[in-house]
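What follows is one structure encoded as structure tokens, with my remarks underneath.
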Number of protein chains: 2
Amino acid sequence: MAELFSLLGDPNRLRIVLACLDGPRSVGEIAEEVGASQSLTSHHLRLLRTARLLRPERAGRSVRYVLDDDHVRDVIRTMVSHVCDPHEHRDGEARPDHP
Amino acid sequence: MAELFSLLGDPNRLRIVLACLDGPRSVGEIAEEVGASQSLTSHHLRLLRTARLLRPERAGRSVRYVLDDDHVRDVIRTMVSHVCDPHEHRDGEARPDHP
DNA sequence: GCGATACATGCACACTTGTTCATGTATTCG
DNA sequence: CGAATACATGAACAAGTGTGCATGTATCGC
């Protein structure tokens, strides 16, 4: 589990995953969108693929990557919320007493 | 955002956060529960505190740490789901065709 | 078949990062 | 006050990791 977070912890890798949020993307598209070299992109894709975060789909002579699971989408979305509205809802379970 | 994921990406740090999921914990308790030295625990707590993932509360002569935000709780919960039932709900938006 | 395009992989290196040891600071009790 | 407990911090080092370069493999068009 820590390994999964760690994978999302690299800026380029996170950008790669973000690039795949809106649907399948080829390696070339990802590389361009992320602004990384093809080699680097492929290296990272390998890690993300091995960790089952992304899944490859052959499409002709290019390979397109997709989120392997929707949980990932949720995780990222929630984290975005956290960054945007840090304390939108600070208490959620049961903590009746407070200063 | 990548930095947040990166912080959760270290096993010890993740354990620390997990230890705080069920409520405030003192540094000593965390160190013991995680199985790390006091120094190491404090170092990690510093990072988590700086990143606004955890928040310290003075309680007498000990300091207790709490989740700063419930989004974090959600992120972790979702990630747990992902690990437990990888493909519980693979499609969430619109992808009608499958093998 | 051959060349070209699109992607993957191995290696090497610089740099970050987790950990430990030692020391510093704050709070409580006598 | 001083001693003790609980936590924080600084320096230093080993180990992991992201990146670039070069090269390897697969698919499409000719």
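The values are calculated or read from the model by the stated rules, or taken from the named source; none is laboratory data. Worth saying up front: this structure is predicted, and the values here are computed from it rather than measured. Note: ideal-geometry Cβ built from the backbone for every residue, glycine included; neighbour counts use all protein chains shown. Calculation scope for accessible area: heavy atoms of the full protein, side chains included, ligands and nucleic acids excluded. Shrake-Rupley method; radii C 1.70, N 1.55, O 1.52, S 1.80 Å.
Key figures
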item: Cα-based Kirkwood hydrodynamic radius, the protein assembly as shown, one decimal, Å; result: 18.1 Å
item: Relative contact order (percent, whole number), chain B, Cα cutoff 8 Å, 6+ residue spacing; result: 23 percent
item: Degrees between helix A:38-50 axis and first principal axis of chain A (Cα, 0 to 90, nearest 10); result: 60 degrees
item: Test item: B:73-80 mean partner chain Cβ contacts at 10 Å; result: 6
item: Mean-position separation - Cα centroids, the range A:1-79 and the range B:1-56, in angstrom; result: 27 Å
item: Average beta-carbon neighbours from other chains, 10 Å sphere, peptide A:59-69; result: 2
item: Calculated over chain A: convex hull of Cα atoms, volume per residue (Å³); result: 121 Å³
item: Residue-averaged [θ]222 nm for chain A, counting only DSSP H segments that reach four residues, each worth -39500 (n - 2.57); result: -15500 deg cm²/dmol
item: Ascending list, in nanometres, of distances separating the B:GLY60 label from those of the other copies (7 Å, Cα toward Cβ); result: 7.1
item: Copies compared at A:MET1 - label distances in nm, ascending, label defined 7 Å from Cα in the Cβ direction; result: 2.3
item: Sequence ranges B:64-70, A:55-61, ranked by mean other-Cβ count within 10 angstrom, highest first; result: B:64-70, A:55-61
item: Loss of accessible area when A meets B, both sides summed, Å² nearest 100, probe 1.4 Å; result: 3500 Å²
